[in-house]
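What follows is a set of notes on a single structure, which appears directly below.
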Amino acid sequence: MNVEGIIIFDRGWTRMNAELELHQLDAGHAVAYQSIRLQALRDSPTAFNSSYEEEKQRSISEFADLLVPSPSRGIFGVFDASQLVATVGFGREIRRKVNHKGIIRGMYVAPKYRRQGVGKQLLSHALSFADSQPGLVQLTLVVNTANISAISLYEAFGFKSFGIEPAAALIDGALHDEMHMVRLVPQAI
Ligand SMILES: CC(C)(COP(=O)(O)OP(=O)(O)OC[C@H]1O[C@@H](n2cnc3c(N)ncnc32)[C@H](O)[C@@H]1OP(=O)(O)O)[C@@H](O)C(=O)NCCC(=O)NCCS
């Protein structure tokens, strides 16, 4: 089920191959988003600073609020039929002095769909969305230094490390270092 390329449709979604579609999520996807988000926090606890225990307390309407699209944020997902199998989010600083900065977060591909190019297509789509935002100059993200697969993915899209925060997260009694990465928006440099 390799991803063979993408076809952009004008209904707000993108067919990635015969089976998978890429959408920008909206409030109507709240139930599916809650489900994959809780799955991500359960199966990859060291990949995120948020915890399953905290997010399972969130109501569906809180998840729906996160999904309301605007030029300053977007959450994108890949669907296999009606099942949401991968997500990534873009957010932008609101305050005037830092409004040129954006963040990539919540990158997750369900285990069955990994190593098939899904993460690459999804991140590429989110970066295109970010790069098209007027005035955006840089994107940052934070990744656990032990997460070699995610670091390789980000490096492939031009993210570079600008520092390691030691003991950045305490997860189940173990301390984890985190890498801070930045990518300048091509049109801005
Ligand atoms: C990291 C993750 C998003 C990658 O998604 P994916 O769909 O498997 O990635 P792709 O198949 O598109 O691979 C893209 C690139 O990522 C890197 N990569 C992905 N999996 C890798 C692995 N197991 N080992 C090394 N590099 C890997 C490679 O550079 C790969 O490019 P290549 O295939 O040309 O070598 C996925 O493994 C995941 O969801 N992990 C758990 C959650 C997580 O760690 N999120 C990141 C939070 S910062």
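I need the shape label for the stretch 70-189. Rule: rounded when a/c is under 1.5, else prolate if a/b > b/c, else oblate, with a, b, c from the alpha carbon gyration tensor.
Taking the square roots of the gyration eigenvalues as a ≥ b ≥ c, the stretch 70-189 is oblate.
Name the residue farthest towards the positive end of the dipole of the stretch 7-136 from the options Thr46, Ile103, Phe63, assuming +1 on Cβ of Lys and Arg, -1 on Cβ of Asp and Glu, about the Cα centre.
Result: Ile103.
Note down the relative contact order for the stretch 94-171 as a percent, whole number, built from C-alpha pairs under 8 angstrom at least six residues apart.
36 percent
Please report the relative contact order for the stretch 7-136, taking Cα pairs under 8 Å with a sequence separation of at least 6, and give it as a percent rounded to a whole number. Before the final figure, lay out each step's value.
Details: 193 pairs, mean separation 28.0, N = 130.
Computed value for the stretch 7-136: 22 percent relative contact order.
Can you run phi through the Karplus equation (6.51, -1.76, 1.60; θ = phi - 60°) for the stretch 178-188 and list ³J(HN,Hα) in whole Hz, with x for Gly and Pro?
10, 9, 9, 10, 9, 9, 7, 5, x, 5, 8
How big is D, in µm² s⁻¹, for the stretch 7-136 by Stokes-Einstein at 4 °C and 1.567 mPa s if Rh is the Kirkwood radius over C-alpha pairs?
85 µm²/s
As a check on your grasp of the helix formula, calculate [θ] at 222 nm for the chain: sum -39500 (n - 2.57) over DSSP H runs of n ≥ 4, divide by the residue count, round to the nearest 500.
Computed mean residue ellipticity for the chain: -7500 deg cm²/dmol.
Coordinate-derived values only; no laboratory data. What you see is a predicted model, and the numbers here were worked out from it, not measured in a lab. Heads up, the Cβs are rebuilt from the backbone with ideal geometry, glycines too, and the neighbour counts pull from every protein chain shown.
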